[in-house]
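Colleague: Can you keep this structure in mind? I'll have questions shortly.
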Amino acid sequence: MNKELIINSAPQGVEIALLEDKRLVELHNEKADASFAVGDLYLGKVRKLIPGLNAAFVDVGFEKDAFLHYTDLSPYARSLLKFTQQSINDQAGSFDFAKFEVEPEIIKTGKINEVVGGKPNVLVQILKEPIAAKGPRLSCEISLPGRFVVITPFNDVVAVSRKIHSSEERKRLQKIIEAIKPKNFGVIVRTAAEGKNTAELHEDLGALVETWKTIQQNLRGAVAPAKILSEQTKTTSMLRDLLNADFNRIVVNDKNIYNDTKSYIQRIAPDKAEIVSFYHNGAPIFDQYGVTKQVKAAFGKTVNLPSGAYLIIEHTEALHVIDVNSGYKSVSNNQEQNALETNLEAAEEIARQLRLRDLGGIIVADFIDMKLPENKKKLLDAMEGFMKTDRAKHAVLPISKFGLMQITRQRMKPELNINTMEVCSACNGTGKISSSLVLEDEIEKNLHYLITHSHNNLTLSVHPIMYAYLTKGWIFSKLWKWKRQFKQNIKLRQNTAYHLTEFHFFDQHEEEIKL
């Protein structure tokens, strides 16, 4: 699979398109004034405790207080509160985290007011961006992701990704990390670490420890609410998580982003530095690489599939509903086989749409009914396979007896919704245009004006439908009538690019005459 990242920089922000085998699968927008992004660290002030919800509302500087539930506190919440206060008060810069004494863990079934009573300042991480009328959702389980490892302060646990299947490799990575890990840091070894040597892992781990020291420095003397550390830009965070042997191109139209991206890749994967290129060919970068066309085709209520089948995507307050329709698809005379083929094609597009629009919560897909259990199993396996590349946490349930498949998908940011409809240039969105009789009179008045002002050998260019109307009847056509009336040779031609009521006059040199 070939992966390409197309980055379009504009004054209002940056748009990032991820293409897999030339197909658009993810589209990200990063506004110039972006804040409260997932992964950002803030010093917050607890404002209100809600024992009934076992949660607290925290002021992090957003217009609405952020939400912190007890289950998102982390077992080391008391250690985090202690660390936050010590870092704020550390005016001399002498606080050594390696000598920090970790507090006992909190219990899973505890109460929020037992931990954050007194409404203290606390270091929090954005878990979910603000969505609609809701403020951000917070977590006290601080984690700093690198390319090969993730560090989690206040514990000494080393865990290896379950996606690394070789037991020997898991043991090797575990031994390396335990040997190089600083005190008071837990480490999660990512799948990308498979096969990496000690030097590469040590460099990645060291960079994250330095980031933690930066957090300590930024907390010194800080007053809540305050941003302590921003997550990397979406470009670098995507590269961190996605960059692998499949990546073969990164195209950027902004010199600063190009330089930042190139230097970042030279640091994390020097052998991949040549895949970054700077685009300056004049035409919009998204048009050049087919992104704009795919956006227009992929967003909207109806999504057409190559075979003629199509999806209807509807949104409600509680869930998303996707209806699969066969259209004119006909693979064979076997109805069951037709249904299976259409459903498999639809499943691939549904998996793509979930990533592309970043749909979250409950998604219900109404597939075409199939009778055979083995075909339903094939569809379930296919859907799980198509969704393997989705980085959001998700679960797929088997097809119910009503032919419905339920999917849950983690939502981290507001759903991406792009309006692909354009206002009709002929009717300006009213749905109505002037009648052909009125248009005929308007053309005739303009003809009279031009001829009385000494314009000769005129050419009138109109829409094909209007062309047919004006030439109907030949001898008794409107065109013949005008030639006779004005005693002039008037040429008529059709242009498919015009809307129905559009017309233009040209002189004998083919230059348009402005009226």
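Colleague: Go ahead and run the numbers for FRET between Ser263 and Asn155, Cβ-Cβ distance against an R0 of 30 Å, rounding to 0.05.
Modeller: Working from the Cβ atoms, E equals 0.35.
Colleague: Please compute the volume of the convex hull spanned by the alpha-carbon atoms of the stretch 119-203 and report it per residue in Å³.
Modeller: So the per-residue Cα hull volume is 121 Å³.
Colleague: Taking only protein heavy atoms and a 1.4 Å probe, what accessible area per residue, in Å², does the stretch 65-122 have with all protein chains in place?
Modeller: 53 Å²
Colleague: If you place +1 on the Cβ of every Lys and Arg and -1 on the Cβ of every Asp and Glu, how big does the dipole about the Cα centre of the chain come out, in debye to the nearest 20?
Modeller: Using only the charged Cβ atoms, the result is roughly 360 debye.
Colleague: Running Debye on the stretch 151-292 with equal point scatterers at the Cα sites and no solvent, what base-10 log of I(q)/I(0) appears at q = 0.10 Å⁻¹?
Modeller: Summing over Cα pairs of the stretch 151-292 leads to -0.48.
Colleague: If N is the number of residues in the chain, what value comes out of its Cα radius of gyration divided by 2.2 N^0.38 Å?
Modeller: Taking N as the residue count of the chain, the ratio is 1.32.
Colleague: Right, something else. Once you put a point 7 Å from the Cα of Asn89 and another 7 Å from the Cα of Arg249, both along the Cβ direction, what distance in nm separates them?
Modeller: It works out to 5.8 nm between the two label points.
Colleague: On to the next question. Run the accessible area of the stretch 208-350 with a 1.4 Å probe and give the carbon-and-sulfur part as a rounded percent.
Modeller: C and S fraction of accessible area: 47 percent.
Colleague: Leaving ligands, DNA and RNA out of it, report the carbon-plus-sulfur percent of the accessible area of the stretch 451-515 at a 1.4 Å probe.
Modeller: Solvent-exposed carbon and sulfur of the stretch 451-515 make up 53 percent of the total.
Colleague: What does a probe at Glu20 reach in the stretch 352-385, counting residues whose amide N is under 20 Å from the point 7 Å along Cα→Cβ?
Modeller: Residues passing the 20 Å test: 352-361, 363-365, 378-385.
Colleague: In whole percent, what relative contact order does the stretch 33-127 give with Cα contacts below 8 Å and a gap of six or more residues?
Modeller: The normalised contact order for the stretch 33-127 reaches 42 percent.
Colleague: I've got another one for you. Relative to the present Cα-Cα distance, how much length would full extension add between Lys111 and Lys48 at 0.36 nm per residue of separation?
Modeller: 21.3 nm
Colleague: Further question on the same structure: Want the number for Glu200 to Lys514: 0.36 nm per residue separation, take away the alpha-carbon distance, what's left?
Modeller: Result for the pair: 106.3 nm of gain on full extension.
Colleague: Suppose every K and R has +1 on its Cβ and every D and E has -1 on its Cβ; what is the size of the dipole of the stretch 1-99 about the Cα centre, in Debye to the nearest 20?
Modeller: Taking the Cα centre of the stretch 1-99 as origin, the dipole is about 460 debye.
Colleague: For the stretch 70-138 and the stretch 269-325, compute the distance between their C-alpha centroids and round to whole Å.
Modeller: Between the Cα centres of the stretch 70-138 and the stretch 269-325 lies a distance of 40 Å.
Colleague: Separate question: Starting from the Cα of Leu242, step 7 Å along the direction of its Cβ; do the same at Asn489; then give the gap between the two resulting points in nm.
Modeller: About 6.0 nm, to one decimal.
Colleague: How big is the stretch 1-159 by Rg and Dmax over its Cα atoms, in Å?
Modeller: Cα only, the stretch 1-159: 18.8, 55 Å (Rg, Dmax).
Colleague: Counting pairs on different chains as well as pairs 8 or more places apart, how many Lys pairs in the stretch 137-230 have Cα atoms under 30 Å apart?
Modeller: 20
Colleague: Also, I was wondering about something else. Of all the accessible heavy-atom surface of the stretch 68-148, with the other protein chains kept in place and a 1.4 Å probe, what percent is carbon and sulfur?
Modeller: The C+S portion of the solvent-accessible surface of the stretch 68-148 is 49 percent.
Colleague: What order do you get for 53-62, 316-325 when each peptide is scored by the mean count of other beta carbon atoms within 10 Å, highest first?
Modeller: Highest-to-lowest ranking by the protection proxy: 53-62, 316-325.
Colleague: At 1.4 Å probe size, with every protein chain present, just tell me what the per residue accessible area of the stretch 177-273 comes to in Å².
Modeller: 47 Å²
Colleague: Let me ask another. How high is the relative contact order of the chain, in percent, with contacts defined as C-alpha pairs under 8 Å that are six or more residues apart?
Modeller: That works out to 12 percent.
Colleague: How much length would be gained if the chain were fully extended between Ser230 and Ser277, taking 0.36 nm per residue of separation minus their Cα-Cα distance, in nm to one decimal?
Modeller: 14.3 nm
Colleague: Taking the Cβ-Cβ separation of Thr211 and Lys371 as r and a Förster radius of 41 Å, what is the calculated FRET efficiency to the nearest 0.05?
Modeller: Efficiency for this residue pair is about 0.15.
Colleague: For the stretch 144-191, just the Cα set please: Rg and Dmax, both in angstrom.
Modeller: Every Cα atom of the stretch 144-191 included, Rg and Dmax give 10.2, 29 Å.
Colleague: At 222 nm, what helix-only mean residue ellipticity would the chain give, in deg cm²/dmol to the nearest 500, using -39500 (n - 2.57) for each DSSP H run of four or more?
Modeller: That comes out to -9500 deg cm²/dmol.
Colleague: Testing the spin-label approximation: label points 7 Å from Cα along Cα→Cβ at Lys293 and Arg411. State their distance in nm.
Modeller: That separation, rounded to one decimal, is 3.3 nm.
Colleague: Distance from the Cα centre of the stretch 140-194 to that of the stretch 481-515, in angstrom?
Modeller: With the stretch 140-194 and the stretch 481-515 each reduced to a Cα centre, they are spaced 74 Å.
Colleague: Let me know the whole percent of all Cα-Cα pairs from the stretch 282-346 that are separated by more than 13 Å.
Modeller: 69 percent
Colleague: For the stretch 77-163, take N as its residue count and report Rg(C-alpha) divided by 2.2 N^0.38 Å.
Modeller: This ratio for the stretch 77-163 stands at 1.28.
The values are calculated or read from the model by the stated rules, or taken from the named source; none is laboratory data. From a predicted model like this one, the values you see are computed outputs, not experimental measurements. Because the Cβ atoms are built from the backbone with ideal geometry, glycine has one as well, and the counts that use them run over all protein chains shown. Surface accessibility is based on the protein's heavy atoms, side chains included, excluding ligands, DNA and RNA. Shrake-Rupley method; radii C 1.70, N 1.55, O 1.52, S 1.80 Å.
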